[in-house]
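Comments concern the structure below.
The values are calculated or read from the model by the stated rules, or taken from the named source; none is laboratory data. This structure is a prediction, so every number in the text was calculated from the model and none was measured. Heads up, the Cβs are rebuilt from the backbone with ideal geometry, glycines too, and the neighbour counts pull from every protein chain shown. Remember, those area values only see protein heavy atoms, side chains included, never the ligands or the DNA or RNA. Shrake-Rupley method; radii C 1.70, N 1.55, O 1.52, S 1.80 Å.
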Amino acid sequence: DFSKAMSQAGTSQFQEAIRQELEYSMKVELDKILSTAPSNELQHTKKDLEGFKKLFHRFLQEKGPSVDWGKIQRPPEDSIQPYEKIKARGLPDNIASVLNKLVVVKLNGGLGTSMGCKGPKSLIGVRNENTFLDLTVQQIEHLNKSYNTDVPLVLMNSFNTDDDTKKILQKYSHSRVKIYTFNQSRYPRINKETLLPIAKDVSYSGENTECWYPPGHGDIYASFYNSGLLDTLIGEGKEYIFVSNIDNLGATVDLYILNHLMNPPNGKRCEFVMEVTNKTRADVKGGTLTQYENKLRLVEIAQVPRAHVDEFKSVSKFKIFNTNNLWIALSAIKRLQEKNAIDMEIIVNPKTLDGGLNVIQLETAVGAAIKSFENSLGINVPRSRFLPVKTTSDLLLVMSNLYSLNAGSLTMSEKREFPTVPLVKLGSSFTKVQDYLRRFESIPDMLELDHLTVSGDVTFGKNVSLKGTVIIIANHGDRIDIPAGALLENKIVSGNLRILDH
């Protein structure tokens, strides 16, 4: 055993030497990049690169999956509250004064590339010509008018979305919502082989656009703090932020949850609330809340040891997943940020660039910080608070008569007899928004639809109705045109427009 111990010690010394060498090389490269920054960008770039250096240091320290599977326990009963219980408390008379303590933050760093669009995803039209951003502004304006309050909207942009978003914001200058923006950090992508940055200077336009990336929404804490906006809002008497993805159309301000935060039944305020909802078969990859070393902890699929991935996906063992609708105390963010005490697992995201180069980007997720806050809580909310639009299949649902639009908020139509959303799978001919729009003369009636699968070259005429399970498959080289006014109920339509009973 002595020789084994010696060889292990030798191995760890060797690994430590390699690690130090990598850190030194990284520092040299980052200093070179920093030296190319113009004076007006110097401080900002320095902060970004310092943040990246810390993340890279942690990345080199960590080994394998970051959770010890044996330590994962189900959360205690009272640590995840049913929404019904919180709603049952009702609302106080002074709900306006409670609302005035709130700030709405939308994560607006993403591009619409997955749906074939250029520019910020938040500017894609989702309903009656309204974009995600339009709907968000309408929701908050409606709140401010109804309760005579001053709830501001804060957008966390990335260097990819900042310019286009700021140009659009002028159109809301007369709306009753104060809108602020700040930018998340800009970090260098690193070559997978050498673990060195592929950027040679600070520029991020032209051929250098692929050298940089925004490091995930976990960056919100540092960026919000560094921007000075956190202190400004605390100075204005704001106490909580409600953070959500801008493409989650279900993430509206919930007064019952806000009241629970501001007036907790046991007198002790939560610093962090995560909205979770019940998993369906479609959500098996979503992060879940667990109890880990006596703290609530978010566990993502990337952190799970390979041998336990199937167990993690099981709907019976892990019944809930994180919607990324989060309520966080501003004073707590400030305290933890100043102590450098926000601990989030690193997500290593591999990418292949257009030229074929393999890179990795180091990211963090906003919900992973839950374990750093005091008195955290999960609230199990209705599925209607999770309505993300990631694909044109999702877009079809929110554009259809399944939902009605009121003051920027979408609600499930009362005419739908069951509250679940149909399962919709549109094939690759529908991936890009412009192709998708071209294939529907009007959005079909989907009130009684359970399941729709469409594959191949398919177009829909006006006023089509879909009910039950509908499967439409045009084989390669074939084309199917669903005629105007058609009713398809439990039908399989294949190859040459033969219509069969399902």
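Counting only other residues whose beta carbon sits under 11 Å from that of R269, what net charge do I get with K and R as +1, D and E as -1?
-2
Pairs of alpha-carbon atoms within less than 8 angstrom and 6+ residues apart define the contacts here; what relative contact order does the range 392-494 have, in percent?
22 percent
Ordering L233, L423, L22 from largest to smallest accessible area (1.4 angstrom probe), what's the sequence?
Largest accessible area first, the list is L423, L22, L233.
Taking the alpha-carbon distance from K313 and a cut-off under 16 Å, which lysines remain once sequence neighbours fewer than 8 residues away in the same chain are dropped?
Cα-Cα hits under 16 Å: K279, K285.
How compact is the range 155-265 by the rule of thumb for globular proteins, expressed as Cα Rg over 2.2 N^0.38 Å?
Relative to the 2.2 N^0.38 Å estimate, the range 155-265 comes out at 1.35.
Which of the lysines could a cross-linker bridge to K71, judged by Cα under 16 Å and excluding same-chain residues fewer than eight apart?
Leaving aside lysines fewer than 8 places away in the same chain, those within reach of K71 are K295, K317, K371.
So for the range 200-245, what are the equivalent ellipsoid semi-axes in whole Å, largest first, each being the square root of 5 times an eigenvalue of the Cα gyration tensor?
After scaling each eigenvalue by five and taking roots: 30, 13, 8 Å.
Using +1 on the beta carbon of Lys and Arg, -1 on that of Asp and Glu, and nothing else charged, what's the dipole of the range 323-461 about the Cα centre, debye to 20?
The calculation lands at about 320 debye.
Name the residue from Q361, F460, V424 whose Cα lies farthest towards the positive end of the charge dipole of the range 350-502, charges +1 on Cβ of Lys and Arg and -1 on Cβ of Asp and Glu.
Of Q361, F460, V424, it is Q361.
Hey, what did the chain get for relative contact order, percent, Cα under 8 Å, at least 6 apart?
Dividing the mean separation by the residue count of the chain yields 15 percent.
Would you mind telling me the antiparallel percentage of the DSSP bridges in the chain, rounded to 5?
Given both bridge residues lie in the chain, the antiparallel proportion sits at roughly 45 percent.
Quick check for me: using +1 on Lys/Arg Cβ and -1 on Asp/Glu Cβ, what's the dipole size of the range 256-333 about its Cα centre, in debye to the nearest 20?
140 debye
Could you work out how far helix 2-34 tilts from the main Cα principal axis of the chain, as a 0 to 90 degree angle to the nearest 10?
Computed tilt is about 70 degrees.
Roughly how many Å² of F59 are accessible to a 1.4 Å probe, to the nearest 10?
40 Å²
How long are the three semi-axes of the equivalent ellipsoid for the range 350-476, computed from the Cα gyration tensor as the root of 5 times each eigenvalue, in whole Å, largest first?
32, 26, 12
Would any residue of the range 283-297 have its amide N under 20 Å from a label point 7 Å out along Cα→Cβ of I473? List them or say none.
Inside the label zone: nothing.
Thinking of the chain as a set of Cα atoms, what percent of all their pairs are more than 30 Å apart?
When all Cα pairs of the chain are counted, 54 percent exceed 30 Å.
Assign unit charges at the C-beta atoms only (+1 for Lys and Arg, -1 for Asp and Glu), then state the dipole size of the chain relative to its Cα centre in Debye, rounded to the nearest 20.
So the dipole magnitude of the chain works out to roughly 460 debye.
Counting only other residues whose beta carbon sits under 11 Å from that of R186, what net charge do I get with K and R as +1, D and E as -1?
So the surrounding residues net to -2.
Using DSSP to define loop residues, name the trypsin sites (Lys or Arg not before Pro) in the range 393-479 whose beta-carbon has at most 13 other beta-carbon atoms within 10 Å.
Hits after loop and neighbour filter: K415, K462.
Using only DSSP helix segments of four residues or longer, with each worth -39500 (n - 2.57), what per-residue ellipticity at 222 nm results for the chain after dividing by its residue count and rounding to 500?
Result for the chain, helices only: -8500 deg cm²/dmol.
Which of the GluC sites (Glu not before Pro) across the range 330-418 are loop residues per DSSP, with 16 or fewer other Cβ within 10 Å?
E374, E414, E417
In terms of modelled amide H atoms, which long-range or inter-chain residues lie less than 5 Å from the amide H of Q81?
G378, I379, N380
Could you compute how much accessible surface E275 exposes when probed at 1.4 Å, giving the result in Å² to the nearest 10?
0 Å²
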